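Beneath this line is the structure, given in structure tokens, with notes to follow.
What follows draws every value from the coordinates through simple rules; no lab data is involved. In this text the structure is predicted, and so the values were computed from the model without any measurement. Don't worry about glycine lacking a Cβ; one is built from the backbone with ideal geometry, like all the others, and counts go over all protein chains shown.
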Amino acid sequence: MPDREIAYDEMLSAMGRDLLPNAIRKLTTLLGRRDVISLAAGAPSAETFPLEELADIAARVIRSRGQFVLQYGPTRGPQSLLEAIADMLKGRGIASAAPSRVVITSGSQQGLDIASRLLIDPGDVAMVELPSYIGGIIALHNARAEMVGVRQDEGGIVIADLREKIARLRKAGRRVKCVYTIPNFQNPSGVSLAIERREQLVAAADEFDLLIVEDDPYFDLAFAEGVRPQPLAALRPDRVIYLGSFSKVLAPGLRAAYLCAPEALATKAELAKEGADLSTSVLDQAIVLEALRSGLIEKRLPELRRFYEVRCRAMLDALRRFAPAGARWTEPAGGFFILLELAAGQDANAVLTQAIDAGVAYVPGQPFFVDGGGANTLRLAYSKETPEKLAEGIARLSRVLGGREHAGAV
Ligand SMILES: Cc1ncc(COP(=O)(O)O)c(C=O)c1O
């Protein structure tokens, strides 16, 4: 055997050479210590997993249909699940939802990867919220999109900023293909797109002839009883690739999620998926279908919403008591996340090791900002820890950040 070193880098594609690490997943290696309170993990609380019900369903589907659910399945997903999801989406106001528009994906993360690969040629522009979900940024990056950040305020995307930037890019001869948005209880900021801006966003998509990639895994997790956000796909289905997931309302280990898109794009998505995984786990899809049909998911929603609302309140209360002077934070109406913004000039990344030593972890905000901003921001997830630990975690964080430490300080 020749002992020549192999230059693997030279064998890689441009994409392979330029893969981005996921800043959050990298952090999890630092979180092995049991005494660290994690405000970093954006995962649902494992306490919410309906273990007994899922064990019963899994046993039942394997016993009764094992030869089917353990076999390869259709790439798009079984017709029964496509129908159940189309019905569910009609319930969200997406009247055009139909099995011919739905494709099951292995997590909505795969939907992001497929949508990015379908729409983007290297150098095409994708408009992305500031801040945005890191997995969406990675998918667009891998497709070699140029991402241009759009400002958000407490009402989500600032439409005037979006319009201005698209107009400028087009004038410069750039091809703007899509807007990537998480309109409800956004990861990482917790903000939601204001109702009137939803109309304005789809109107901008019409005017500039763009598609919208609508990433909506937190749809069901509004805290207020009866709140059903209006999907952009309900307003303009022919302009939207809608991505949904059961990860936050059932269990993320069941990797059966979905996309809903105009038929021409759904057909392409099915072909792109064929080359990626042949099909999503048939067993996972069968379990999710049973969970939908039996009403297990719907039945648990009120309790889930209360569960996360209590945690969100605990974190907000602790922030009010302990946050350092000059800090501001978002006040989500659902979902898992609060974005904390420190006074200008502070660097959330620089104090992370110190925070972990003090027994609390968070995700520094910068990787969520495609324009390189956000150095003074932190993503705080309230989904994983108990309310007591959340309060203690914020108190520890405040000691590191030089915040106030007594009740009534505000
Ligand atoms: C905004 C957003 N999109 C997509 C995903 C991926 O979810 P999954 O692949 O589990 O469906 C997540 C997970 O945290 C998310 O927060």
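Assorted remarks:
- For region 66-105, the convex hull spanned by the alpha carbon atoms encloses 66 Å³ per residue.
- Distance histogram for region 57-131 (every C-alpha pair counted, 5 angstrom bins, percent rounded to whole numbers): 3, 12, 14, 18, 18, 15, 11, 4, 4, 2, 0
- Take 231-237, 110-116 and order them by the average number of nearby Cβ atoms within 10 Å per residue, most first; the result is 110-116, 231-237.
- The sum of -39500 (n - 2.57) across all DSSP H runs of n ≥ 4, divided by the residue count of the chain, sets its helix-only mean residue ellipticity at 222 nm to -13000 deg cm²/dmol.
- P(r) tail for region 331-385: Cα pairs beyond 16 Å make up 45% of the total.
- In region 152-225, the ratio of gyration radius to Kirkwood radius, Rg to Rh, stands at 1.01 when only Cα atoms are counted.
- Largest-first ellipsoid semi-axes for region 359-403, taking √(5λ) over the Cα gyration tensor eigenvalues, angstrom: 22, 13, 6
- Calculated log₁₀ intensity ratio I(q)/I(0) where the Debye formula runs over C-alpha points of region 1-130, q = 0.10, 0.14, 0.16 Å⁻¹: -0.67, -1.15, -1.25
- Choice from ARG65, ARG313, ARG151 with maximal GNM fluctuation in the chain (Cα, 10 Å cutoff): ARG65
- Sites LYS299 and SER64 - FRET efficiency at Förster radius 22 Å, r taken between beta-carbons, to 0.05: 0.50
- Scattering profile of region 260-372 at q = 0.11, 0.21, 0.22 Å⁻¹ [log10 I(q)/I(0), Debye over alpha-carbon scatterers]: -0.70, -1.14, -1.21
- Kirkwood-based Rg to Rh ratio, the chain, C-alpha trace: 0.97
- Summary value for the chain: 23 percent relative contact order, contacts being C-alpha pairs under 8 angstrom separated by 6+ residues.
- Label-point gap, in nm, between TYR72 and ASP371 - each point 7 angstrom along Cα→Cβ: 4.8
- Radius of gyration over Kirkwood radius for region 123-163, both on Cα atoms: the Rg/Rh ratio is 1.00.
- Cα convex hull of region 88-231 - mean projected area over all directions, nm²: 8.6
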